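Asks: Handing you a structure now.
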Amino acid sequence: MPTSIAPSGADGATPPARPAEDPRSGSVGPSSGAAAPGAAVHVRGLVKRYDGRDVVAGLDLVADAGAVTAVLGPNGAGKTTTVECCEGLRSPDGGSVRVLGLDPVADARALRPRVGVMLQDGGLPTGARAGEVLRHVASMYADPRDVGELGERLGLGSFARTTVRRLSGGQRQRLSLAAAVVGRPEVVFLDEPSAGMDPQSRHAVWDLVRELRDEGTAVVLTTHLMDEAEDLADRVHVVDHGRVIASGSVPELLSPDAQDDRTLRFDAAAGLDVAAVAAALDAATPGGPGAWVVTEPQPGSYVVAGPAGPRALAALTAWLADHDVLASRLTVGRRTLEDVFLDLTGRHLR
Amino acid sequence: MTTTTPRTPGPASGAAPAWRRVLAQTGFETRAVLRNGEQLLVTIVLPVMVLLGLTRTSVVEIDTGGWDRIDFVTPGVLALACVSTAFTSQAIATAFDRRNGVLRLLATTPLGRGGLLAGKLLGVLAVEVVQVVVVGAVALALGWQPAAGGILAAVGVGLLGTACFTALALLLAGTLRAEGVLALANLVLVLLVVGGGLLVPPGQLPGPLEHVATFLPSGALGEAMRGALLGTGVPALALVVLAAWTALLAWAAARFFRWQ
């Protein structure tokens, strides 16, 4: 059974204050301009240029204590640059960045003990053993977590005596995460934390992230993995071309108009008579003729839009049964975060 | 609204004391060098082999000016040891740490950039202590009799040389690609050994090399070390040259070093 990671401070100390408000109650659309004085991370109008090109172009972002905030975006969207500005590794060209109310560059000395960082490229010394690296990072803090316990949580024990150079990508990621949290930070920045990990490692990492959140830590993670954002994040900021193009909780992003999401989707043999399906649904539901629109955007993949409900579902499956058609997949309403993401950022490769 | 974790504010909350952070980094850097085969080859094996080669064989002709060969050669080998650690080993280690993001990661911990730099410098000095013990022991076994009165001066010269060549190491490591630094740092070491006045006094080098080496930090370090340990006194010119290089290289390293 995994041992709990004690909150910062001595045992028995008052646990860190939790947000009074449900962190899921974010707003949809470009992030709210309202000041968030209590926010652990508050980025306003951030601009960062490389070679005259705006990599981050007026980005706003808020992350609260006791919440997981995902910065979701395609490669090159400006995610890493944004968190590097929050970590004090880069100086912004415009806008303001506040972490725990402080400036990450000017107040770096005060912030470093309170902020944990997991870099995308790892930043682990390659010649040292894994266990030694973690102990070394722990020695920078006055009251670090128990290295052995943390190592056990993340399964570092099996390779503690292996040099970093010989570790697999997933092992390195887990070691990097351990190094990021060993100092009991109040804010953790995780840049693509589960890149290159096998499913078991990912779940170990996700469990730890949730636990950090429950202890009151502000967790900011960048990812381009939909399921990671969907499973972990209390708030998602979708970033593209250096701006936040949508933010909110996952349920909010998934169904901005939840009451009106009336879509059934199913996969079956190609070339079904979509007009007949629509007519059957019209007859079975109170909307009357024309209430249902059935399309087949891809061969064998159908979208059924209308006043979806139990009756409509029964009518649809009845029609399929009458015509001896087996649906290989049938979903009601809910879009995935991937649908939202692709709708927002487009489908072209970049 | 939300509240952040209540903590006692203050610059050092949560961080270990500065001396402990620097000491930890020093130990980490030192172990990294002493554990790495190639680094050991350059920092320990090479100086010892040069010492043996110059004293037990006559492959290289050196005019010892009437001094015992071991007394004349050992100061130069100590100067070489200093350059191999402060320059070659440090340049390569820092260049790869920079490429692998180690410098950036450590800069986000309470260690910070200042602590990282301090740890590196002290790590160089710690490795040099090991070098002096090993090279010194071999030399003493071969009959070396250093001028007792010059040992303190030799330590001072070693510190100045270390500052100078560490600055050069950081200048290269902080501006060039890691692979480039690897090649260059080894090449420069070879050139300085052969024609830089480290082992062979600048005055014995052929043609214009004599004048060049006199004003190189390597020539100045070699001459200063020989002056101290042979008991003839540290030449003022060598000290001035070494100090000037140190100031110039430290400025350049601070000015041009890129952390990423």
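The values are calculated or read from the model by the stated rules, or taken from the named source; none is laboratory data. Worth saying up front: this structure is predicted, and the values here are computed from it rather than measured. Cβ placement follows ideal geometry from the backbone for every residue including glycine, while neighbour counts extend to all protein chains displayed.
Asks: In region A:233-249, is there at least one residue being more than 30 Å from A:VAL71 (Cα to Cα), out of contact with any helix residue (DSSP H, G or I) (no Cβ under 7 Å at 6 or more places or on another chain) and either assigned to a strand (DSSP E or B) or modelled with pLDDT of 80 or more (or both)?
Replies: No, region A:233-249 contains no residue that is more than 30 Å from A:VAL71 (Cα to Cα), out of contact with any helix residue (DSSP H, G or I) (no Cβ under 7 Å at 6 or more places or on another chain) and either assigned to a strand (DSSP E or B) or modelled with pLDDT of 80 or more (or both).
Asks: Sticking with this one: Of all the strands (runs of 3 or more DSSP E) wholly in region A:257-318, which have at least 2 residues that are of a type in the set (S, T, N, Q)?
Replies: Details: elements: A:263-267, A:293-298, A:301-305.
Of the strands (runs of 3 or more DSSP E) lying wholly inside region A:257-318, those with at least 2 residues that are of a type in the set (S, T, N, Q) span A:293-298.
Asks: Next up: What do you reckon, is B:GLU179 closer than 30 Å to B:THR57 by Cβ and acidic (Asp, Glu)?
Replies: Details: closer than 30 Å to B:THR57 by Cβ: no; acidic (Asp, Glu): yes.
Judged against the criteria, B:GLU179 is not a match.
Asks: Among the numbered criteria (1) at pLDDT 95 or above; (2) farther than 25 Å from B:LEU116 by Cα, which single criterion is violated by B:LEU198?
Replies: (1)
Asks: Given the criterion without any contact (Cβ under 8 Å) to a residue 40 or more places away in the chain and on the phi > 0 side of the Ramachandran plot, identify the matching residue among B:GLY231, B:GLY207, B:GLY195, B:GLY219. Quick ask: steps written out before the conclusion?
Replies: Values: B:GLY231 fails: without any contact (Cβ under 8 Å) to a residue 40 or more places away in the chain; B:GLY195 fails: on the phi > 0 side of the Ramachandran plot; B:GLY219 fails: on the phi > 0 side of the Ramachandran plot.
After ruling out the rest, the residue left standing is B:GLY207.
Asks: Filter region A:316-333 down to the residues that are touching a helix residue (DSSP H, G or I) at 6+ places or on another chain (Cβ under 7 Å) and at pLDDT 90 or above and list them by number. Quick ask: steps written out before the conclusion?
Replies: Taking region A:316-333 first, the residues touching a helix residue (DSSP H, G or I) at 6+ places or on another chain (Cβ under 7 Å) are A:316, A:319, A:327, A:332.
Of everything in region A:316-333, those that are touching a helix residue (DSSP H, G or I) at 6+ places or on another chain (Cβ under 7 Å) and at pLDDT 90 or above turn out to be A:LEU316, A:TRP319, A:ALA327.
Asks: Within the set of pairs 6 or more residues apart or between chains, which connect a residue that is over 15 Å from A:ALA179 (Cα atoms) inside region B:101-120 to a residue that is among the polar types (S, T, N, Q) and buried (at least 22 other Cβ atoms within 10 Å of the Cβ) with Cβ atoms less than 8 Å apart?
Replies: Close Cβ pairs satisfying both conditions: B:GLY115/B:GLN25; B:LEU116/B:GLN25; B:ALA118/B:GLN25; B:GLY119/B:GLN25; B:LYS120/B:GLN25; B:LYS120/B:GLN90; B:LYS120/B:THR94; B:LYS120/B:THR166.
Asks: Answer yes if at least one residue in region A:41-63 is facing chain B (nearest Cβ under 8 Å) and crowded, with 18+ Cβ neighbours inside 10 Å, and no otherwise. Lay out the reasoning, then the answer.
Replies: Initially, region A:41-63 is screened for residues facing chain B (nearest Cβ under 8 Å), giving none.
Scanning region A:41-63, I find no residue that is facing chain B (nearest Cβ under 8 Å) and crowded, with 18+ Cβ neighbours inside 10 Å, so the answer is no.
Asks: To continue, here is another question. Name the residue that is surrounded by the most Cβ atoms within 10 Å (Cβ to Cβ), counting only residues in region A:211-230 that are in a loop (DSSP other than H, G, I, E, B) and either on the phi < 0 side of the Ramachandran plot or at pLDDT 95 or above (or both).
Replies: A:THR217
Asks: Looking at region A:174-232 only, could you name the residues that are within 10 Å of the chain's Cα centre (by Cα) and small (Gly, Ala, Ser)?
Replies: A:ALA229
A quick yes/no check of all residues on (1) in contact (Cβ under 8 Å) with a residue 12 or more places away in the chain; (2) under 30 Å from A:VAL47 (Cβ atoms):
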residue: A:LEU232; (1), (2): yes, yes
residue: A:LEU254; (1), (2): yes, no
residue: A:THR285; (1), (2): yes, no
residue: A:GLY290; (1), (2): no, no
residue: A:VAL294; (1), (2): yes, no
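Asks: With the structure loaded, tell me whether A:GLU252 is under 34 Å from the mean Cα position of the chain (by Cα) and part of a helix (DSSP H, G or I) or whether it fails that test.
Replies: Details: under 34 Å from the mean Cα position of the chain (by Cα): yes; part of a helix (DSSP H, G or I): yes.
Spelling it out, A:GLU252 is indeed under 34 Å from the mean Cα position of the chain (by Cα) and part of a helix (DSSP H, G or I).
Asks: On to the next question. Report those helices (runs of 4 or more DSSP H) wholly inside region B:12-122 carrying at least 2 residues which are within 14 Å of chain A (Cβ to nearest Cβ) and over 30 Å from B:PRO201 (Cα atoms).
Replies: Values: elements: B:18-35, B:37-40, B:46-56, B:69-83, B:90-99, B:102-108.
Filter on region B:12-122 gives B:18-35, B:90-99, B:102-108.
Asks: Then there is this: If I ask for residues that are surrounded by fewer than 19 Cβ atoms within 10 Å (Cβ to Cβ) and either closer than 24 Å to A:VAL133 by Cβ or at pLDDT below 95 (or both), which ones from region B:23-45 would you list? Spell out how you get there, then give the answer.
Replies: So the first thing to find is which residues in region B:23-45 are surrounded by fewer than 19 Cβ atoms within 10 Å (Cβ to Cβ), and the list is B:23, B:27, B:31, B:34-38, B:40-41, B:45.
Of everything in region B:23-45, those that are surrounded by fewer than 19 Cβ atoms within 10 Å (Cβ to Cβ) and either closer than 24 Å to A:VAL133 by Cβ or at pLDDT below 95 (or both) turn out to be B:LEU23, B:GLY27, B:ARG31, B:LEU34, B:ARG35, B:ASN36, B:GLY37, B:GLU38, B:LEU40, B:LEU41.
Asks: When the residues of region A:291-319 are narrowed to those that are of a type outside the set (Val, Ile, Thr) and surrounded by 19 or more Cβ atoms within 10 Å (Cβ to Cβ), which ends up farthest from the chain's Cα centre (by Cα)?
Replies: Here is the first cut: in region A:291-319, the ones of a type outside the set (Val, Ile, Thr) are A:291-292, A:296-302, A:305-316, A:318-319.
Within this subset, residues satisfying the condition of being surrounded by 19 or more Cβ atoms within 10 Å (Cβ to Cβ) are A:292, A:302, A:306, A:308, A:312, A:315-316, A:319.
On the way: A:TRP292: 35, A:TYR302: 29, A:GLY306: 31, A:ALA308: 30, A:ALA312: 34, A:ALA315: 37, A:LEU316: 35, A:TRP319: 40 Å.
Checked region A:291-319; the qualifying residue farthest from the chain's Cα centre (by Cα) is A:TRP319.
Asks: Among the residues of region A:109-123, write down those that are facing chain B (nearest Cβ under 7 Å), in contact with a helix residue (DSSP H, G or I) (Cβ under 7 Å, 6 or more places away or on another chain) and over 12 Å from A:GLU186 (Cα atoms).
Replies: Correct list: A:ARG109, A:LEU119, A:GLY122, A:GLY123.
Asks: Restricting attention to region B:125-177, which residues are of a type in the set (A, V, I, L, M) and either in contact with a Gly (Cβ under 7 Å, 6 or more places away or on another chain) or free of Cβ contacts under 8 Å to residues at least 60 places away in the same chain (or both)?
Replies: So in region B:125-177, the residues of a type in the set (A, V, I, L, M) come out as B:125-127, B:129-130, B:132-135, B:137-142, B:147-148, B:151-155, B:157, B:159-160, B:163, B:167-173, B:176.
Of everything in region B:125-177, those that are of a type in the set (A, V, I, L, M) and either in contact with a Gly (Cβ under 7 Å, 6 or more places away or on another chain) or free of Cβ contacts under 8 Å to residues at least 60 places away in the same chain (or both) turn out to be B:LEU125, B:VAL129, B:VAL132, B:VAL133, B:ALA137, B:LEU140, B:ALA141, B:ALA147, B:ALA148, B:LEU152, B:VAL155, B:LEU159.
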